[in-house]
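Read through the structure below, which is laid out as structure tokens, and then see the notes.
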């Protein structure tokens, strides 16, 4: 993907690939399987591994059965590559293929207002689900502003 705006469809959902854009990404476990604590640790490590290598990670949360990411891929790296790597490596480390649903949802964040709304949505996800009373208590939450 060298500098081209492209629209790619793999699976049933369309996926945009544009350089220097920030994406909101969600992917779920296959059959909404619940990840235990050790598995969430491994997935969380995989999400953070690309920081400074292939993407800038703004925010990430690993929930019991899904993951939310807000990230900006570095030049010549596609969002599809990043998500595929996270899913593949975490599946192998957990020794549970197929761990993830084939599809993922990704959307380009178009404004700073939208980015702030998505940050809040991701950070508050564990609170809304009743897993913690304060987002800071959730061990599988990464925020670049903390």
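Just so you know, all these numbers are worked out from the coordinates, no wet-lab data involved. The shown structure was predicted, so the numbers you read here are calculated from the model rather than taken from an experiment. Glycine also receives a Cβ, built like all others from the backbone with ideal geometry; neighbour counts cover every protein chain displayed.
Based only on Cα atoms, what mean projected area does the convex hull of segment 29-109 have, in nm²?
About 5.0 nm², averaged over all directions.
Can you compute the modelled spin-label distance between residue 20 and residue 117, with each label point 7 Å from Cα toward Cβ, in nm?
Once both label points are built, they end up 2.5 nm from each other.
Only bridges whose two residues both fall in the chain count here: according to DSSP, what percent of them are antiparallel, nearest 5?
Working: 27 of 28 bridges.
Bridges in the chain that DSSP calls antiparallel: roughly 95 percent.
Which of 123, 84, 60 moves the most in a Gaussian network model of the chain with Cα springs under 10 Å?
Maximum fluctuation in the GNM of the chain, among the listed residues, is at 84.
Throw me the Rg/Rh for segment 21-65, computed over C-alpha atoms with Kirkwood Rh, two decimals. Let's see the in-between values first.
On the way: Rg = 11.5 Å, Rh = 11.6 Å.
Value, to two decimals: 0.99.
Given segment 6-143 reduced to its alpha-carbon atoms as identical point scatterers, what log10 I(q)/I(0) does the Debye formula return at q = 0.15, 0.22 Å⁻¹?
Normalising to I(0) and taking log10 leaves -0.71, -1.52.
For segment 90-146, compute Rh as the Kirkwood radius over C-alpha pairs and then the Stokes-Einstein diffusion coefficient at 4 °C and 1.567 mPa s; write the answer in µm²/s, rounded to an integer. Show your work: numbers first, answer last.
Details: Rh = 13.8 Å.
After rounding, the answer is 94 µm²/s.
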